[in-house]
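Have a look at the structure below, then the notes.
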Amino acid sequence: MPAERSGVKITTQKLASRRLAVLGPWLFPFLFLLPCLVAGAAAGERGLLYEIAAPATARAPCYLFGTIHSEDPRALALTAPTQDAFDRSLVFIMETLPDTQAVIRSMMAMVYTDGRGLAQVAGQPLYGRTVQALAELGLAEEAIKDYKPWAAATLLGMPQAVTGEFVDIRLYKAALAAGKQVHGLESIEEQLAVFDTLSEEDQVDLLRETLDARPKLPEVFERLLEAYLSRDLARLQRLGEEYLRKGDPQLAERFRRAALDVRNRHMAERMAPYLQQGDCFIAVGALHLPGEAGVLARLAQAGFDPRPVD
């Protein structure tokens, strides 16, 4: 549906393309942020790299690696076992392929195309706070005025992108450079549908909570990174839950179910054919791995045997 602005019709794709130059550096990490916003149930799991043998075949095993969406050099520096597993695998699989079309489609999902804007939906006081906060991150009002509240909240709730070299992006680029087959488990529409399941009231509440929490976010990110580097999935989960409990618990639970539990099921189902073939390296957010509803448990239920190796 075309958007109306000052009597001039602008198609949704043109609207997205116009903002791509401004928001491009933000959108690649945005595509992989969801696991950092939610928490699953963990029970003492440790390890980020899991070997999964292809059942009843002599093919090379697959590896499942938990990532964190951080530019920190400590996260980007893969351990020797993880680097070796990646190098030896012929196929690389990630949550969503971060190509240009995915970025444009994400922009189409993030903005209103019915004539409304963020100020109208969120109210002028909250809109003013949002504009000021995003300006501090280098985003102009023109670039974000048509945002849905969840889109603004997501950009405000993630670490500021400087280089764009998040773990997932670096692995993706390395896979392309090495000539590996590259696949995605989800479409960008499926990832972002998580947010559109929230009512507008919930989205506005999410935006308000994110703005209120901003001063403490650097400390939160550092604690999450420390847990990740120690390969302590249980601690990573507890920190995520601690962060979520600071807001509306009912909203947090609705969001967790949509953003983690449902996606975990889809991811595990879509991994299965690759795991049957073997010789692949799969990278997903670390918080998708643990718990009774996590990817590791779902793969075990499907007859696979994930074995921690790093």
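A short reminder: the numbers here are calculations on the coordinates, not readings from a lab. Note that this is a predicted model, so its numbers are computed, not measured. Glycine gets a Cβ as well: all are built from the backbone with ideal geometry, and neighbour counts include every protein chain shown.
When each of the peptides 74-86, 119-131 is scored by the mean number of other C-beta atoms lying within 10 Å of its residues, the order from highest to lowest reads 119-131, 74-86.
Let me check I've understood the local charge: for A268, count other residues with C-beta under 15 angstrom from its C-beta, Lys and Arg +1, Asp and Glu -1. What total comes out? Once positives and negatives cancel, what remains is -3. Counting charges near F86 (Lys, Arg +1; Asp, Glu -1) among other residues having Cβ under 15 Å from its Cβ returns a value of -2.
With a cut-off of 14 Å between beta carbons, the residues surrounding D168 carry a summed charge of -4, where Lys and Arg count +1 and Asp and Glu -1.
As a proxy for reagent exposure, ranking T67, T113 by other Cβ atoms within 10 Å from fewest up yields T113, T67.
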